[in-house]
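For reference, the structure discussed in these notes is given below.
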Ligand code: SAM
């Protein structure tokens, strides 16, 4: 028999489809936890059954979290409480961050047992740049709110990742094409399950493909970075500098304009000094 776990909170990542993806360490923690906080006891029950373990479970989900959190934290003073979600890594588009926040505030030791998460798995399938990426969770369902969220995402110049459901996929891809332009993208579906697939194409191609036939299953959309913007012309740089220098020193104005236009700061600063001299 393994040693009992130290009291505290254990964040345990579970598979996103293929139960064999449960790590040995995750299985060992679940087997020894005094209590497992779960989204759905039927889902976690299947996982525990798969590893031949029976442990007490208690619900922790969006609808009861505020009410049950203090009791769970009190329990962590003397027992090992594991947090799992139905699939993947807790806290990632799933409940948990407030539990971690409040556990820390109460002096509870928090330990993570990392593992699968659909956002990372989708990035490994998409064949798009992974050096800079941002995860935006689920897009809002309603058109106006979705367009605003996409406009916010457009500010980021790396790869974008969204969670989505089958029935909304076509509309989401069309909205992404409208808000971001026709970038390269991938739709990763049913990752680690029997019908896993990653379909790649431009946003326009993917929007057309899924407009008529919404796919079944769980979905991640990955959108590549924007193409290189054409270099700003001299007039644009001068106008931006003239405006910025009404508010800022030449050096600060140059920094602001260089960042906004994606230009080398040293060149923009040299031009700012020229403009300053000409205006004196
Ligand atoms: N915490 C989870 C994680 O770490 O990935 C995500 C939970 S979120 C409520 C569920 C969403 O994750 C699904 O709607 C889907 O967008 C994505 N997802 C989860 N499992 C997936 C899978 N096997 N294939 C594709 N997407 C998946």
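The values are calculated or read from the model by the stated rules, or taken from the named source; none is laboratory data. Since the model is a prediction, treat every value here as computed from it, not as a measurement. Neighbour counts run over all protein chains shown; Cβ positions are idealised from the backbone, glycine included.
Yes/no matrix, rows are residues, columns are (1) over 22 Å from residue 141 (Cα atoms); (2) in a helix (DSSP H, G or I); (3) at pLDDT below 95:
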position: 156; (1), (2), (3): no, no, no
position: 162; (1), (2), (3): no, no, no
position: 171; (1), (2), (3): no, yes, no
position: 175; (1), (2), (3): no, yes, no
position: 186; (1), (2), (3): no, no, no
position: 194; (1), (2), (3): yes, no, no
position: 200; (1), (2), (3): yes, no, no
position: 206; (1), (2), (3): no, yes, no
May I ask you to verify whether residue 230 is at pLDDT 85 or above, within 35 Å of the chain's Cα centre (by Cα) and part of a loop (DSSP other than H, G, I, E, B)? no
Going through 153, 171 one at a time, which residue ends up being away from the ligand (no atom under 12 Å from the Cβ) and more than 13 Å from the chain's Cα centre (by Cα)? 171
Report yes if some residue within the range 163-182 is surrounded by fewer than 21 Cβ atoms within 10 Å (Cβ to Cβ), more than 20 Å from residue 93 (Cα to Cα) and touching a strand residue (DSSP E or B) at 6+ places or on another chain (Cβ under 7 Å); otherwise report no. yes
Scanning the range 1-28 residue by residue, the ones that are surrounded by fewer than 20 Cβ atoms within 10 Å (Cβ to Cβ) and within 17 Å of residue 75 (Cα to Cα) total 5
If residue 40 meets every condition in (1) surrounded by fewer than 20 Cβ atoms within 10 Å (Cβ to Cβ); (2) away from the ligand (no atom under 13 Å from the Cβ) apart from one, which number is that one? (2)
Those residues that are more than 30 Å from residue 24 (Cβ to Cβ) and not in a helix (DSSP H, G or I), I need them from the range 51-78; list them, please. 62, 63, 64
Within the range 60-85, residues being without any contact (Cβ under 8 Å) to a residue 60 or more places away in the chain, within 16 Å of the ligand (Cβ to nearest atom) and touching a helix residue (DSSP H, G or I) at 6+ places or on another chain (Cβ under 7 Å) number 2
Go through the range 208-227 and count every residue that is assigned to a loop (DSSP other than H, G, I, E, B) and within 16 Å of the ligand (Cβ to nearest atom). 4
